Amino acid sequence: MGIDVGKFMKNPEYELKLTTYRDIFQAEALENDRFSDEYKKHSAAVVMGKDDMNKFGLRIGDRVRLMNSYGSIVVELRESKREEPGGLAFMVNSPWSNALISDETGGRGIPEFKNITARISLTKDEITTIESLIGR
Amino acid sequence: MVTCTGCALLCEDIEVVIENDRIKESRNACRRGAARLRGCKNRLAPSFNKMQTDIDTAIKKAAEILKNAKSPMLFGWSNSTCEAQVKGIQLAKKLNASIDDTSSFCQGLLIERVLKKKFRTCSLEDVRNMADVLVYWGSDAQDSQPRHLSRFSVFPRGESRQRGYEEDRLAIAIDVRESNTAKICKGHFYRIPLKGDREFILALMDALSGKVPKYDAKRILELAGIMKKAEFGVLFAGIGLTYSIKEDIDILVSLADMLPNFHVMPMVGHYNMRGFNEALFKETGFINRVKFEGKPVHDNKYAVVEVLKAKSIDALLITGSDPLSSLPRSVLPHLSSIPVICIDPCVTLTSKIAAVTIPAAASGLECGGSAVRMDGKVIEMSKVVENSYLTDAQILTRLMEGL
């Protein structure tokens with residue numbers, strides 16, 4: 001097994017698995033105005049269990065960068081209200097989570113919306129705006 | 001009473017208070033439905049090349065784009081009325097275009113099998129009146145179809161289920177995440193690992209055929225026992241399940257075949273996705289991913305994701321969908337190099353990049369029409385508020401005339 005160099009960086013990077021889910025509060029904000037702060041608040045966030053947060057040295061409310069070869073976003077870290085088994089973090093399905101999804105489909109036309117591998121690291125950068133996600 | 005188009009439950013019991021031709025208040029709707037009934041904050045205006053114009057010019061410019069395109073695609077349709085969907089299919093035929101909808105990367109795999117009668121299925125009224133075992137698999141109805149449990153499945157009293165969830169019904173959740181729906185299924189939540197659905201199905205099939213399952217034997221045997229004894233079971237198949245087994249979707253058909261008292265219902269999000277699938281199926285024998293080349297040709301290469309990746313279309317008309325919100329960013333770059341026509345009541349991410357935008361009436365509010373509920377029941381919607389927006393069906397008719 002190789003050395004995980006990311007752990008020794010100033011803002012260490014850790015690999016994690018992400019899956020997406022639906023949230024009625026975000027859906028409500030989407031119906032109202034998808035360019036609103038409310039929609040951003042419910043979408044630009046990653047949720048994980050306390051143990052994983054401790055493992056990664058992260059705290060509730062931290063801004064974190066999630067990145068992989070398909071994209072890079074900055075979102076807010078939130079703690080899951082449930083007991084989580086660990087090793088898996090959650091994002092509400094949105095343009096933010098879609099920025100990390102592979103274009104590989106095996107020719108079947110269905111991307112892996114719920115099975116994302118990314119790296120997470122602490123950042124001081126601002127939360128990614130929806131305008132930047134559509135290239136404006 | 002008003003019909004809500006917030007999701008594919010198409011709730012018909014909504015009461016509204018109207019003031020100045022807008023819905024001021026609604027009763028009985030869920031949070032999402034209430035927000036949709038209030039209407040979006042930013043209405044779309046007609047535009048061409050990012051400059052505001054009048055509706056006639058916008059439609060004329062859109063018709064020119066479609067006429068000049070060699071391989072156009074018409075996409076969206078899940079938030080359009082049945083009437084608009086039929087017009088869209090006619091337009092695709094006239095243009096020899098490809099046509100696809102959001103089921104292509106959503107529940108299409110399951111809806112196709114329902115329409116081909118590979119699954120036993122039932123109506124939501126059957127669920128309310130008869131269902132005793134309810135399995136939410138990869139589905140968080142509480143957040144996606146928020147009144148599913150209260151109107152049809154867990155909570156209501158039914159003809160054969162007078163004692164409701166306290167004694168007559170059992171709700172089970174199988175999911176990667178302890179969703180809000182799973183919270184309600186207390187004591188019957190089966191957490192599975194990411195992409196673990198196939199293995200879980202195989203273990204359940206082992207248990208149903210009298211073998212000892214390969215993992216979590218005690219709980220899976222218990223679940224198999226409950227499902228076997230069901231008088232009227234329903235498996236609500238969510239998008240989490242569909243995505244997880246998309247390479248081997250027929251394994252769910254095999255499981256359903258082992259459960260003669262069970263019915264399978266795909267949990268559909270958008271209010272009229274099934275309507276489009278049924279309309280295209282009736283016309284071509286396929287539910288999505290069709291190109292008209294004199295005759296309809298179905299191929300995965302006509303899936304919206306694949307055409308964008310392959311850059312194989314030179315114009316895209318979108319109605320009833322916001323692909324910039326719902327598709328992976330990695331497949332979107334081609335959209336910046338082709339003209340996009342966006343028909344929608346509201347400003348969306350897609351309308352921001354569109355060459356032509358055409359505002360439409362919000363269906364079920366500003367225009368009537370019909371839609372197909374997630375279980376296949378046709379629901380009629382009425383016009384509730386007055387304004388001058390064209391319906392999406394009228395816009396498509398005018399586009400056809402403009403060709």
- Message: The conditions are (1) within 13 Å of chain A (Cβ to nearest Cβ); (2) over 30 Å from B:ILE14 (Cβ atoms); (3) surrounded by 14 or more Cβ atoms within 10 Å (Cβ to Cβ); (4) acidic (Asp, Glu), and B:ASP175 fails exactly one of them. Which is it?
- Response: (2)
- Note on the structure: Counting only strands (runs of 3 or more DSSP E) wholly inside the stretch B:81-198, the ones holding at least 1 residues that are over 30 Å from B:GLU293 (Cα atoms) and outside the structural domain of B:GLY376 (by TED's automatic domain parsing) are B:133-137, B:170-175, B:189-191
- Query: For the stretch B:258-356, which helices (runs of 4 or more DSSP H) that fit wholly inside it have 3 or more residues that are within 20 Å of the chain's Cα centre (by Cα), at pLDDT 95 or above and within 13 Å of chain A (Cβ to nearest Cβ)?
  - Reply: B:304-310, B:323-326
- Collect the residues in the stretch A:99-119 that are without any contact (Cβ under 8 Å) to a residue 12 or more places away in the chain and in contact with a Gly (Cβ under 9 Å, 6 or more places away or on another chain), keeping them in residue-number order. A:GLY109, A:ILE110
- Task: Would you check if B:VAL253 is β-branched (Val, Ile, Thr) and buried (at least 22 other Cβ atoms within 10 Å of the Cβ)?
- Result: no
- Specify the residue that is nearest to the other protein chains (Cβ to nearest Cβ); the eligible residues are those in the stretch B:35-59 that are in contact with a strand residue (DSSP E or B) (Cβ under 9 Å, 6 or more places away or on another chain) and assigned to a helix (DSSP H, G or I). B:ARG38
- Task: Collect the residues in the stretch B:29-72 that are over 16 Å from B:ASP392 (Cβ atoms), among the hydrophobic types (A, V, I, L, M, F, W, C) and touching an Asp or Glu at 6+ places or on another chain (Cβ under 7 Å), keeping them in residue-number order.
- Result: B:ALA35, B:ALA69
- Message: Going through B:LYS228, B:LYS218, B:LYS211 one at a time, which residue ends up being more than 14 Å from every other protein chain (Cβ to nearest Cβ) and part of a loop (DSSP other than H, G, I, E, B)?
- Response: B:LYS211
- Of all residues in the stretch B:124-160, which are more than 14 Å from chain A (Cβ to nearest Cβ), in contact with a helix residue (DSSP H, G or I) (Cβ under 7 Å, 6 or more places away or on another chain) and more than 18 Å from B:GLY187 (Cβ to Cβ)? B:PHE152, B:PRO156, B:ARG157, B:GLY158, B:GLU159, B:SER160
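Might you let me know whether the stretch B:15-26 holds any residue that is in a helix (DSSP H, G or I), free of Cβ contacts under 8 Å to residues at least 40 places away in the same chain, farther than 30 Å from B:ARG289 by Cα and not assigned by TED's automatic domain parsing to the domain that holds B:ALA360? Give the derivation first.
Taking the stretch B:15-26 as the starting set, the residues that turn out to be in a helix (DSSP H, G or I) are none.
No, there is no match, as no residue in the stretch B:15-26 is in a helix (DSSP H, G or I), free of Cβ contacts under 8 Å to residues at least 40 places away in the same chain, farther than 30 Å from B:ARG289 by Cα and not assigned by TED's automatic domain parsing to the domain that holds B:ALA360.
Hey, among B:LEU204, B:LEU223, B:LEU194, which residue is farther than 18 Å from B:ASP257 by Cβ and surrounded by 15 or more Cβ atoms within 10 Å (Cβ to Cβ)?
Working: B:LEU204 fails: farther than 18 Å from B:ASP257 by Cβ; B:LEU223 fails: farther than 18 Å from B:ASP257 by Cβ.
Result of the check over B:LEU204, B:LEU223, B:LEU194: B:LEU194.
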- Over the stretch B:100-123, the set of residues of a type in the set (A, V, I, L, M, F, W, C) and more than 14 Å from chain A (Cβ to nearest Cβ) is B:VAL114, B:LEU115, B:PHE119, B:CYS122
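Could you pull out the residue among B:CYS11, B:CYS40 that is of a type outside the set (Asp, Glu), surrounded by 19 or more Cβ atoms within 10 Å (Cβ to Cβ), modelled with pLDDT under 95 and in contact with a helix residue (DSSP H, G or I) (Cβ under 9 Å, 6 or more places away or on another chain)? Walk me through it before giving the result.
Values: B:CYS11 fails: modelled with pLDDT under 95.
After ruling out the rest, the residue left standing is B:CYS40.
The values are calculated or read from the model by the stated rules, or taken from the named source; none is laboratory data. Worth saying up front: this structure is predicted, and the values here are computed from it rather than measured. We place every Cβ from the backbone using ideal geometry, glycine too, and count neighbours over all the protein chains shown.
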